[in-house]
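What follows is one structure encoded as structure tokens, with my remarks underneath.
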Amino acid sequence: MMLVRTFFLLLACWTATGAAWSADNGQRNYERQCARCHGLTGVPVTPQTPNLAMRERMNKPDLMLLQYLKMPTATHPSFFGILNDQEILDVIRYLRVMRP
């Protein structure tokens, strides 16, 4: 029984540490790659840019947003080859908890 408790305690600590690192990584990549159009707080600084502070376009599942961000559109660059999948997912998770 003690072994099971120790396992779950270690798992909880590992998960909390990983989440903090991912949030930091997501913020860093957001500031480097996204803030020039979406602003540091998610309030857009360029026309026709979704307001991420108001959660515009964030109503999709993470994996759908990942695929969208990897493909270029007329109004959005592709991050394929710039950020890997984990880095893009970290940005998406950061956006989900970001407060303006």
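The values are calculated or read from the model by the stated rules, or taken from the named source; none is laboratory data. Note that the coordinates shown come from a computational prediction; the quantities given were computed from them, not determined experimentally. Cβ: placed from backbone, ideal geometry, glycine included. Neighbour counts: every protein chain shown.
Observations on the structure shown:
- Residues that are among the hydrophobic types (A, V, I, L, M, F, W, C) and either assigned to a helix (DSSP H, G or I) or surrounded by 12 or more Cβ atoms within 10 Å (Cβ to Cβ) (or both), drawn from the stretch 46-72: 52, 53, 54, 58, 63, 64, 65, 66, 69
- Residues in the stretch 35-45 that are in contact (Cβ under 8 Å) with a residue 24 or more places away in the chain and either under 16 Å from residue 86 (Cα atoms) or of a type in the set (Val, Ile, Thr) (or both): 41, 43.
- Any hit, the stretch 39-52, residues being of a type outside the set (Val, Ile, Thr), at pLDDT 95 or above and in contact with a strand residue (DSSP E or B) (Cβ under 7 Å, 6 or more places away or on another chain): no
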